[in-house]
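Notes follow the structure.
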Amino acid sequence: MTDSASHQVRVLHVGLGPLGRLIAGDLHARGAGVVVAAVDPDPALAGRPLAEFAPGTTPGVTIDADLARAADSAAFDAAIVTTVSSLASCAPTFRCLLERGATIVSTCEELVYPRLRHALLADELHALAVRRGGRLLGTGVNPGFLMDLLPVVAAGVCRSVRGVRVERVQDASTRRVPFQRKIGAGLDRDAFERGVRKGWLRHVGLGESLHFIADRLGLEVEDWSESVEPVIADRELRCALGVIEPGRAAGVKQVAVGVGQGRDAVRLEFVAAIGQPDPCDSVRIDGDPPIDLTIRGGVHGDTATVAIAVNSIRPLLASPPGLHTMSSIAPPACDRHAPARLQHGR
């Protein structure tokens, strides 16, 4: 592609659930890019105008069910993939795009630190990206920024770090419906526990965040564990899913702990529940000097995930080919009507 300052980033968008639609709309609203092709396998979406689901996007773009056809026929600078959390499930999509030398920003949570659970697959995707001149990045507000990149950046003013504790508490009342379902809002204890056992009821990415921090800060983690439990409503609550009676789950509390040299090297606490009274995001670093950072009110997850996905496109395009993490690209900045001065186009 050209380095012209007037060139808008042309985006192939894959996955048009609630989050994908928000991202597509935000690209256009901010002048940060333009969706030139859209893909979703849902038969209810195929053949329909993208603008019907993401108002403000370019008229004339029709949703295609076939990724290979869309990737072959569209001239695009970057792809955004907003489909599922599992890296193994996303891998065919990534392979298809990387074979075409694509630069890909994805909200796949396991892609944020893929070597934790999928080391061989990560090596394969990196080799493919390098060979074909593509780039692949997993990002989001969490995992991706608040519980991984932010504490690493905060530790940049430390001479030494002995341990890190990060806490994210969200009032999920304002989050999108799929998120409220994913945290088990409204379920009784038995249904909540069944969801945990089946693997769909949990925040995906806490382990990835823990190992990202440990890796970047050189903290030894000899063993790690993760727990999931319900946050129980102590009063009647209301959300987009309906009324939550007292005694039912209002959401989820998840804790991941990495132990090294007999102490907690990294401890992450994630709470997302309807009606949380004091939402916040906090980072505490046991270091020299110590760091105590709190974002009062917390960061809105949906808004921030949309923003960081869009804001990461240009830094990724300016990076060398390969599989990246949020620590191997330039820090994303708010991208509003920014000229596309890109060093490495497709």
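The values are calculated or read from the model by the stated rules, or taken from the named source; none is laboratory data. The model shown is predicted, which means the values in this text are computed figures rather than measured ones. All Cβ positions, glycine included, derive from the backbone under ideal geometry; neighbour counts span all protein chains shown.
So which residues in the stretch 265-289 are out of contact with any Asp or Glu (no Cβ under 7 Å at 6 or more places or on another chain) and of a type in the set (Gly, Ala, Ser)?
Ala272, Ala273, Gly287 - these are the residues of the stretch 265-289 that are out of contact with any Asp or Glu (no Cβ under 7 Å at 6 or more places or on another chain) and of a type in the set (Gly, Ala, Ser).
Which numbered condition trips up Asp66, out of (1) closer than 30 Å to Ala46 by Cα; (2) buried (at least 19 other Cβ atoms within 10 Å of the Cβ)?
The one condition Asp66 does not meet is (2).
Which one of Arg30, Arg69, Arg131, Arg21 is over 28 Å from Ile213 (Cα atoms), touching a Phe, Trp or Tyr at 6+ places or on another chain (Cβ under 6 Å) and of a type outside the set (Val, Ile, Thr)?
Values: Arg30 fails: touching a Phe, Trp or Tyr at 6+ places or on another chain (Cβ under 6 Å); Arg69 fails: touching a Phe, Trp or Tyr at 6+ places or on another chain (Cβ under 6 Å); Arg131 fails: touching a Phe, Trp or Tyr at 6+ places or on another chain (Cβ under 6 Å).
Testing whether each residue is over 28 Å from Ile213 (Cα atoms), touching a Phe, Trp or Tyr at 6+ places or on another chain (Cβ under 6 Å) and of a type outside the set (Val, Ile, Thr) leaves just Arg21.
Looking only at the stretch 268-327, count how many residues are part of a loop (DSSP other than H, G, I, E, B), surrounded by 19 or more Cβ atoms within 10 Å (Cβ to Cβ) and not hydrophobic (A, V, I, L, M, F, W, C). Let's see the steps before the verdict.
Going residue by residue through the stretch 268-327, those that are part of a loop (DSSP other than H, G, I, E, B) are 274-279, 289-290, 297-300, 312, 318-321, 325-327.
This time we only want the ones that are surrounded by 19 or more Cβ atoms within 10 Å (Cβ to Cβ), so: 274-275, 279, 298-299, 312, 321, 325-326.
If we keep only those that are not hydrophobic (A, V, I, L, M, F, W, C) as well, we get 275, 279, 298, 312, 321, 325.
Number satisfying all stated conditions: 6.
For the stretch 300-339, which residues satisfy the criterion of being β-branched (Val, Ile, Thr) and modelled with pLDDT of 95 or more? Spell out the reasoning first.
Of all residues in the stretch 300-339, those β-branched (Val, Ile, Thr) come to 303, 305-306, 308, 310, 313, 325, 329.
Of everything in the stretch 300-339, those that are β-branched (Val, Ile, Thr) and modelled with pLDDT of 95 or more turn out to be Thr305, Val306, Ile308, Val310, Ile313, Thr325, Ile329.
Kindly provide the set of residues from the stretch 144-161 that are assigned to a helix (DSSP H, G or I) and touching a residue at least 60 places away in the same chain (Cβ under 8 Å), ordered by number.
Of the residues in the stretch 144-161, the ones assigned to a helix (DSSP H, G or I) are 149-157.
Matches in the stretch 144-161: Leu149, Leu150, Pro151, Val152, Val153, Ala154, Ala155, Val157.
For the stretch 110-124, state whether one or more residues are within 19 Å of the chain's Cα centre (by Cα), part of a helix (DSSP H, G or I) and within 23 Å of Ala333 (Cβ to Cβ).
There is at least one residue in the stretch 110-124 that is within 19 Å of the chain's Cα centre (by Cα), part of a helix (DSSP H, G or I) and within 23 Å of Ala333 (Cβ to Cβ).
I need a count of the residues in the stretch 139-192 that are among the hydroxyl-bearing types (Ser, Thr, Tyr) and at pLDDT 95 or above.
The number of residues fulfilling the criteria is 2.
Quick one: count up the residues across the stretch 44-97 that are part of a loop (DSSP other than H, G, I, E, B), without any contact (Cβ under 8 Å) to a residue 40 or more places away in the chain and touching a strand residue (DSSP E or B) at 6+ places or on another chain (Cβ under 9 Å).
Of the residues in the stretch 44-97, 13 are part of a loop (DSSP other than H, G, I, E, B), without any contact (Cβ under 8 Å) to a residue 40 or more places away in the chain and touching a strand residue (DSSP E or B) at 6+ places or on another chain (Cβ under 9 Å).
Out of (1) among the hydrophobic types (A, V, I, L, M, F, W, C); (2) assigned by TED's automatic domain parsing to the domain that holds Ala24; (3) surrounded by fewer than 24 Cβ atoms within 10 Å (Cβ to Cβ); (4) in contact (Cβ under 8 Å) with a residue 40 or more places away in the chain, what's the single condition that is false for Leu128?
That leaves (4) as the condition not met.
Assess whether Gly184 counts as being more than 15 Å from the chain's Cα centre (by Cα), in contact (Cβ under 8 Å) with a residue 40 or more places away in the chain and assigned by TED's automatic domain parsing to the domain that holds Ala88. Give the steps one after another, and end with the answer.
On the way: more than 15 Å from the chain's Cα centre (by Cα): yes; in contact (Cβ under 8 Å) with a residue 40 or more places away in the chain: yes; assigned by TED's automatic domain parsing to the domain that holds Ala88: no.
Answer is no for this residue.
Taking Leu97, is it under 21 Å from the mean Cα position of the chain (by Cα) and closer than 11 Å to Val39 by Cβ? Don't jump to the end; show me each part of the working.
Values: under 21 Å from the mean Cα position of the chain (by Cα): yes; closer than 11 Å to Val39 by Cβ: yes.
Spelling it out, Leu97 is indeed under 21 Å from the mean Cα position of the chain (by Cα) and closer than 11 Å to Val39 by Cβ.
Does His203 count as assigned to a helix (DSSP H, G or I), surrounded by 20 or more Cβ atoms within 10 Å (Cβ to Cβ), on the phi < 0 side of the Ramachandran plot and not basic (Lys, Arg)? Walk me through it before giving the result.
Details: assigned to a helix (DSSP H, G or I): no; surrounded by 20 or more Cβ atoms within 10 Å (Cβ to Cβ): yes; on the phi < 0 side of the Ramachandran plot: yes; not basic (Lys, Arg): yes.
So His203 fails the test.
Is it true that some residue in the stretch 23-32 is in the same structural domain as Ala75 (by TED's automatic domain parsing), part of a loop (DSSP other than H, G, I, E, B) and of a type in the set (D, E, K, R)?
Keep residues of the stretch 23-32 that are in the same structural domain as Ala75 (by TED's automatic domain parsing), which gives 23-32.
Remaining after also requiring part of a loop (DSSP other than H, G, I, E, B): 30-32.
From the residues that got through so far, the ones that are of a type in the set (D, E, K, R) too are 30.
Yes, some residue in the stretch 23-32 is in the same structural domain as Ala75 (by TED's automatic domain parsing), part of a loop (DSSP other than H, G, I, E, B) and of a type in the set (D, E, K, R).
Any residue at all in the stretch 48-56 that's in the same structural domain as Gly31 (by TED's automatic domain parsing) and under 24 Å from Ala330 (Cβ atoms)?
Step one: list which residues in the stretch 48-56 are in the same structural domain as Gly31 (by TED's automatic domain parsing), which gives 48-56.
This time we only want the ones that are under 24 Å from Ala330 (Cβ atoms), so: none.
No, the stretch 48-56 contains no residue that is in the same structural domain as Gly31 (by TED's automatic domain parsing) and under 24 Å from Ala330 (Cβ atoms).
Could you say which residue among Val164, Val141 is farther than 27 Å from Leu22 by Cβ, in contact (Cβ under 8 Å) with a residue 40 or more places away in the chain and in contact with a helix residue (DSSP H, G or I) (Cβ under 6 Å, 6 or more places away or on another chain)?
Numbers: Val141 fails: farther than 27 Å from Leu22 by Cβ.
Exactly one of Val164, Val141 is farther than 27 Å from Leu22 by Cβ, in contact (Cβ under 8 Å) with a residue 40 or more places away in the chain and in contact with a helix residue (DSSP H, G or I) (Cβ under 6 Å, 6 or more places away or on another chain), namely Val164.
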